[in-house]
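Structure, as structure tokens:
The values are calculated or read from the model by the stated rules, or taken from the named source; none is laboratory data. These figures come from a predicted structure and were not determined experimentally. When we count neighbours, we look across all protein chains shown, and the Cβ atoms used for this are built from the backbone with ideal geometry, even at glycine. Surface areas here come from the heavy atoms of the whole protein model, side chains and all, with no ligands, DNA or RNA. Shrake-Rupley method; radii C 1.70, N 1.55, O 1.52, S 1.80 Å.
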Amino acid sequence: MRLNRHPLNPIFLPDPTSTWENYNVFNPAVIIHDGLFHMFYRAQGLDWISRIGYAFSQDGVHWNRSKEPLLSPSGPHDARGLEDPRVSEIDGQFYMAYTAYASEYYGEGMPSHFGGGVFPMIATSSNLLTWKTLGPIVSGEDNKDHLLFPRKINGRYVAFHRRPPNIWLAESEDMRTWPEKRMRPLFGPRPDNGWDSKRVGSGGVPIETEEGWLVLYHGYNPDHVYRLGVCLLDLDNPEKVINRPKECIFEPKELWELRGDVPNVVFSCANPVHEGTVFVYYGAADHVIGLATVDLQELLDFAKNSH
């Protein structure tokens with residue numbers, strides 16, 4: 001089973017006339033609301049600092065982009081950039097999970113990016129345009145690739161986050177405090193499996209189906225080639241993995257996926273469903289944005305039945 005690349009790929013490129021997105025645009029969140037596709041993407045200019053840009057579309061392919069970044073560094077906690085947003089809608093409110101890189105390192109051991117601490121942040125909005133920061137899921141550790149499930153489960157907010165090399169689950173009563181006692185590992189790399197044998201992390205917001213939570217995730221191997229996979233989790237107990245096929249569903253093949261700021265990468269933060277089709281938006285080689293699609297039922301059948 002494979003995703004289908006859109007014929008107009010790559011669908012979103014850096015803007016050479018801009019000062020803040022003229023080098024890279026990648027790893028977007030996309031949510032469908034009020035008949036429009038809303039994109040929140042990571043952008044870099046020549047200062048190498050990541051900001052979050054905004055664009056909207058009627059068809060999910062052709063985009064109108066804002067001239068100014070939606071979110072920019074605002075203090076020491078995110079002075080080195082805001083990265084890899086994922087947007088969920090929960091009870092009519094929008095939540096953005098994004099990674100903030102600080103100007104100083106807070107924690108023990110070595111930071112994942114020299115000179116900066118890592119904060120898996122959450123922000124909230126009622127209109128998708130103005131955002132208020134709630135705070136991090138954790139602090140003082142190398143932790144990112146987080147997202148929020150699109151509804152409460154058993155009365156609590158549920159999130160993915162990553163303590164390398166595994167994907168973890170976390171729960172919260174109020175979205176501000178995430179007790180350590182409610183964190184546990186979900187799954188990790190498979191040393192005997194080629195494509196996800198080194199590290200795994202979350203993709204886009206889980207898709208709720210009658211069969212379970214349909215989850216896309218990324219993984220890479222010792223050659224540092226990023227690919228996408230899929231698994232199925234129990235609806236009432238997402239700690240339970242119903243099935244996790246060994247085969248990847250997407251891998252870098254096009255020249256613009258193989259070569260870029262970071263080569264050999266397809267990395268998705270968004271998989272909204274539109275008219276029965278899953279739209280998988282992905283950063284390609286940390287440089288441009290691509291789109292691949294797949295029939296929802298086909299993807300679900302593969303996630304449920306493949307070994």
task = Select from segment 60-89 the residues that are at pLDDT below 95 and under 27 Å from Arg5 (Cα atoms) and list them in ascending order.
result = none
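Restricted to segment 131-176, and to residues that are polar (S, T, N, Q) and on the phi < 0 side of the Ramachandran plot, which residue is surrounded by the most Cβ atoms within 10 Å (Cβ to Cβ)?
So in segment 131-176, the residues polar (S, T, N, Q) come out as 133, 139, 143, 154, 166, 172.
Next cut, on the phi < 0 side of the Ramachandran plot only: 133, 139, 143, 166, 172.
Working: Thr133: 17, Ser139: 16, Asn143: 22, Asn166: 16, Ser172: 19.
So the residue we want is Asn143.
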ask   = If we keep just the residues of segment 246-261 that are in contact with a Phe, Trp or Tyr (Cβ under 9 Å, 6 or more places away or on another chain), closer than 24 Å to Gln44 by Cα and not charged (D, E, K, R), which is surrounded by the most Cβ atoms within 10 Å (Cβ to Cβ)?
value = Pro252
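Please go through segment 197-230 and pick out each residue that is under 26 Å from His274 (Cα atoms), open to solvent by less than 60 Å² (accessible area, probe 1.4 Å) and part of a loop (DSSP other than H, G, I, E, B).
In the first step, residues of segment 197-230 are kept if they are under 26 Å from His274 (Cα atoms); the result is 201-219, 226-230.
Next, only the ones that are open to solvent by less than 60 Å² (accessible area, probe 1.4 Å) stay: 201-207, 209, 212-219, 226-230.
Hits for segment 197-230 are Gly203, Gly204, Val205, Pro206.
Output the residue which, of all residues in segment 41-84 that are in a loop (DSSP other than H, G, I, E, B) and among the basic types (Lys, Arg), is farthest from the chain's Cα centre (by Cα).
Just the residues of segment 41-84 that are in a loop (DSSP other than H, G, I, E, B), to begin with: 45-49, 58-63, 66-70, 72-75, 79-80.
Add one more test, that the residue is among the basic types (Lys, Arg), and what stays is 67, 80.
Working: Lys67: 23, Arg80: 19 Å.
Checked segment 41-84; the qualifying residue farthest from the chain's Cα centre (by Cα) is Lys67.
In segment 111-130, which residues are within 18 Å of Asn166 (Cβ to Cβ), buried (at least 21 other Cβ atoms within 10 Å of the Cβ) and at pLDDT below 95? Can you show your working first?
First, the residues of segment 111-130 that are within 18 Å of Asn166 (Cβ to Cβ): 112, 118, 120.
Pick out the ones that are also buried (at least 21 other Cβ atoms within 10 Å of the Cβ) and you get 118, 120.
Hit for segment 111-130 is Val118, nothing else.
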query = What strands (runs of 3 or more DSSP E) completely inside segment 111-184 contain at least 1 residues that are under 15 Å from the mean Cα position of the chain (by Cα) and more than 21 Å from Tyr217 (Cβ to Cβ)?
reply = 118-125
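What do you reckon, is His62 on the phi < 0 side of the Ramachandran plot and in contact with a strand residue (DSSP E or B) (Cβ under 7 Å, 6 or more places away or on another chain)?
Values: on the phi < 0 side of the Ramachandran plot: yes; in contact with a strand residue (DSSP E or B) (Cβ under 7 Å, 6 or more places away or on another chain): no.
It is false that His62 is on the phi < 0 side of the Ramachandran plot and in contact with a strand residue (DSSP E or B) (Cβ under 7 Å, 6 or more places away or on another chain).
So that you can scan it fast, the table gives a plain yes or no per residue for (1) of a type in the set (Phe, Trp, Tyr); (2) under 20 Å from Pro150 (Cα atoms); (3) open to solvent by 30 Å² or more (accessible area, probe 1.4 Å); (4) in contact with a His (Cβ under 6 Å, 6 or more places away or on another chain):
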residue: Leu232; (1), (2), (3), (4): no, yes, no, no
residue: Lys240; (1), (2), (3), (4): no, yes, yes, no
residue: Arg244; (1), (2), (3), (4): no, no, yes, no
residue: Val266; (1), (2), (3), (4): no, no, no, no
residue: His274; (1), (2), (3), (4): no, yes, yes, no
residue: Thr277; (1), (2), (3), (4): no, yes, yes, no
residue: Val280; (1), (2), (3), (4): no, yes, no, no
residue: Gly290; (1), (2), (3), (4): no, no, no, no
residue: Asn305; (1), (2), (3), (4): no, no, yes, no
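Looking at segment 1-59, which of the residues that are modelled with pLDDT of 95 or more, among the charged types (D, E, K, R) and more than 16 Å from Val288 (Cβ to Cβ) is surrounded by the fewest Cβ atoms within 10 Å (Cβ to Cβ)? Walk me through it before giving the result.
Our first condition is that a residue be modelled with pLDDT of 95 or more; within segment 1-59, this holds for 3-45, 50-59.
Then keep just the ones that are among the charged types (D, E, K, R); that gives 5, 15, 21, 34, 42, 51, 59.
When the remaining residues are screened for being more than 16 Å from Val288 (Cβ to Cβ), the result is 34, 51, 59.
On the way: Asp34: 6, Arg51: 22, Asp59: 9.
By that ranking, first place goes to Asp34.
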task = Return yes or no: is Phe26 in contact (Cβ under 8 Å) with a residue 24 or more places away in the chain, under 24 Å from Asn143 (Cβ atoms) and of a type in the set (Phe, Trp, Tyr)?
result = yes
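Rundown of residues vs (1) of a type in the set (Gly, Ala, Ser); (2) farther than 17 Å from Thr130 by Cβ; (3) in contact with a His (Cβ under 8 Å, 6 or more places away or on another chain), yes/no style:
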| position | (1), (2), (3) |
| --- | --- |
| Thr19 | no, yes, no |
| Asn24 | no, yes, yes |
| Val30 | no, yes, yes |
| Gly35 | yes, yes, no |
| Gly45 | yes, yes, no |
| Ser50 | yes, yes, no |
| Ala79 | yes, yes, no |
| Gln93 | no, no, no |
query = Give me the pairs: first residue in segment 52-78 and closer than 17 Å to Val25 by Cβ, second residue at pLDDT below 95, beta-carbon distance under 9 Å, and six or more apart or on different chains, which are they?
reply = Leu71/Asp78; Ser72/Ile49; Ser72/Asp78
